[in-house]
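These notes concern the structure reproduced below.
The values are calculated or read from the model by the stated rules, or taken from the named source; none is laboratory data. Keep in mind that this is a model prediction, so the values were computed, not measured. Cβ sites come from the backbone with ideal geometry, for glycine too, and all protein chains shown count toward neighbours.
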Amino acid sequence: MSRLRVTLAAACTIAFGAAAFAEENEGGIMPVQDPTTQAECSACHMAYPPQLLPQESWHAIMADLSNHFGEDASLDPATARTIENYLVSNTGSMRGVDPANPPLRITEMNWFTHEHGQRLRNRAAGDSRIGSISNCVGCHGGAANGNFGD
Amino acid sequence: MIPGTTRTALLLAMCIAGAPTLTAAADAAAGQAFFQGTHSGGKPDTPSCTTCHTSDPRAMGKTRAGKPIDPMAASANPNRFTDPAKVEKWFLRNCNSVLGRECTANEKADVLAYLKSI
């Protein structure tokens, strides 16, 4: 087999493999990979993937863990630093976000409100099995694995 | 004859060693009242332990974000209270959330006594 043919075969495998993955993982977002972040954040809620917020938001959230959405979620400084580093190095800035006053809630992001209108918000609030609009897995069963397809 | 400094050190050591015994007169009934009670001084969304853990510690609880919490009663969850660092971590966070301050050693001992008694 010529080298060209081998290269072509490899390229096709990669291309089609990726396409098949994309199809399977529609609505997919890379779940949290860092074990410390996974363990600590998921103690109270699904460990939200870092890509759902811009860097500025994660910095602000990690700077005030003792007032974390109505609860004290304090961590020892070393653990907090590990988590913050992971979060900010796996996301970027986002359009429409004021870096000086970043949103603290994923549910405030434009993309989120676009996808989740008032009807869905009411449903989440009114259904005790869901409990909260921030409980992704209440509706997206595969969310913890990065699958947010309906 | 024991030299004075050694004697003092020994006395001090005995006092420190004895201290946990003295403070560990844990009271399950007091722990129950504390766990079931509504407190002030903390964050408005979490006035009681029962906000998340429900009034039955043998049952599953739920975080405010909707995630299940394993039962707090040792009888319903053998893993409870087996990791002292975890116990202290959550007392610190949750006492701050519910009472706006750290819990005292006595309060923690009472709550543990309650959760181990049911």
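Summary table
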item: Answer residue from the range A:36-59, given it is of a type in the set (Gly, Ala, Ser) and in a loop (DSSP other than H, G, I, E, B) and is farthest from A:Arg95 (Cα to Cα) among those; result: A:Ala43
item: Test result for A:Asp98, in contact with a helix residue (DSSP H, G or I) (Cβ under 9 Å, 6 or more places away or on another chain), among the acidic types (Asp, Glu) and within 11 Å of chain B (Cβ to nearest Cβ); result: no
item: Residues being in a helix (DSSP H, G or I) and facing another protein chain (nearest Cβ under 10 Å) - total across the range B:87-118; result: 9
item: Every pair of residues 6+ apart whose Cβ atoms lie under 7 Å, when the first sits in the range B:51-69 and is charged (D, E, K, R) while the second is assigned to a helix (DSSP H, G or I); result: B:Lys62/B:Cys52; B:Arg64/B:Cys52
item: Neighbours by Cβ (under 9 Å, 6+ apart or cross-chain): first from the range A:127-144, over 16 Å from A:Pro49 (Cα atoms) and more than 10 Å from chain B (Cβ to nearest Cβ); second at pLDDT 90 or above and surrounded by fewer than 16 Cβ atoms within 10 Å (Cβ to Cβ); result: A:Cys139/A:Leu120; A:Cys139/A:Arg123
item: Residue that is nearest to the other protein chains (Cβ to nearest Cβ) [pool: residues in the range B:74-86 that are farther than 30 Å from A:Cys139 by Cα, of a type outside the set (Val, Ile, Thr) and surrounded by fewer than 13 Cβ atoms within 10 Å (Cβ to Cβ)]; result: B:Ala85
item: Members of the range B:47-77 found to be within 16 Å of B:Cys95 (Cβ to Cβ) and of a type outside the set (Val, Ile, Thr), listed by number; result: B:Pro47, B:Ser48, B:Cys49, B:Cys52, B:His53, B:Met72
item: When residues of the range A:71-118 are limited to those that are of a type in the set (A, V, I, L, M) and in a loop (DSSP other than H, G, I, E, B), the one nearest to A:Gly138 (Cα to Cα); result: A:Met109
item: Matching residues, the range B:48-105, being more than 19 Å from B:Ala26 (Cβ to Cβ) and among the hydroxyl-bearing types (Ser, Thr, Tyr); result: B:Ser48, B:Thr50, B:Thr51, B:Thr54, B:Ser55, B:Thr63, B:Ser97
item: Within the range B:40-55, tally of residues that are surrounded by 15 or more Cβ atoms within 10 Å (Cβ to Cβ), more than 10 Å from chain A (Cβ to nearest Cβ) and in a loop (DSSP other than H, G, I, E, B); result: 4
item: Test result for B:Pro71, in contact with a helix residue (DSSP H, G or I) (Cβ under 8 Å, 6 or more places away or on another chain) and either surrounded by fewer than 18 Cβ atoms within 10 Å (Cβ to Cβ) or more than 10 Å from chain A (Cβ to nearest Cβ) (or both); result: no
